[in-house]
Amino acid sequence: QVHLVESGGGLVQPGGSLRLSCAASGSIFNIANMGWYRQAAGKQRELVATISSGGTTNYADSVKGRFTISRDNAKNTLYLQMNSLKPEDTTVYYCTLTARGMTYWGKGTLVTVSS
């Protein structure tokens, strides 16, 4: 069984930074593809960034150059460094783990960008 727990969300001013973390339980983190998604109320879920088990990254156009996804396999932890935050980045961010044909989701962490 895999459990994902996100942390690091909060309130930040426009132009500020936050680093999200996602701690994964279980023993398959090293072989998993990981990702961050976000979903605002009334809107479709949006891919933010992904990182493969081999370290290949992919970003949504809306966050390229501002967000960086990374992973620490020794700590079973996924990160999302978010810089130059904008009000439109405000929403709940979810961590995902995909391995062996299954995708697991965390419960999310809220990011609010406001002055």
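Counting the residues of the range 38-85 that are outside any loop (DSSP other than H, G, I, E, B) and either of a type in the set (D, E, K, R) or under 15 Å from Ala24 (Cα atoms) (or both) gives 10. Scanning the range 37-75 for residues that are of a type in the set (Lys, Arg), open to solvent by 60 Å² or more (accessible area, probe 1.4 Å) and either touching a helix residue (DSSP H, G or I) at 6+ places or on another chain (Cβ under 6 Å) or closer than 19 Å to Pro87 by Cα (or both) gives Lys43, Arg45, Lys64.
Inside the range 78-104, can you point out the residues that are under 16 Å from Ser52 (Cα atoms), of a type outside the set (Gly, Ala, Ser) and open to solvent by 20 Å² or more (accessible area, probe 1.4 Å)?
If the condition is that a residue be under 16 Å from Ser52 (Cα atoms), of a type outside the set (Gly, Ala, Ser) and open to solvent by 20 Å² or more (accessible area, probe 1.4 Å), then Tyr79, Thr98, Arg100, Met102, Thr103, Tyr104 are the ones that fit.
Could you check, for the range 22-36, whether at least one of its residues is farther than 14 Å from Thr98 by Cα, crowded, with 18+ Cβ neighbours inside 10 Å and hydrophobic (A, V, I, L, M, F, W, C)? Checked against the condition, which is being farther than 14 Å from Thr98 by Cα, crowded, with 18+ Cβ neighbours inside 10 Å and hydrophobic (A, V, I, L, M, F, W, C), the range 22-36 yields no hits at all.
The values are calculated or read from the model by the stated rules, or taken from the named source; none is laboratory data. The shown structure was predicted, so the numbers you read here are calculated from the model rather than taken from an experiment. Methodologically, a virtual Cβ is constructed for each residue, glycine included, from the backbone with ideal geometry; neighbour enumeration extends over all protein chains shown. For accessibility, only protein heavy atoms count, side chains too; no ligands or nucleic acids. Shrake-Rupley method; radii C 1.70, N 1.55, O 1.52, S 1.80 Å.
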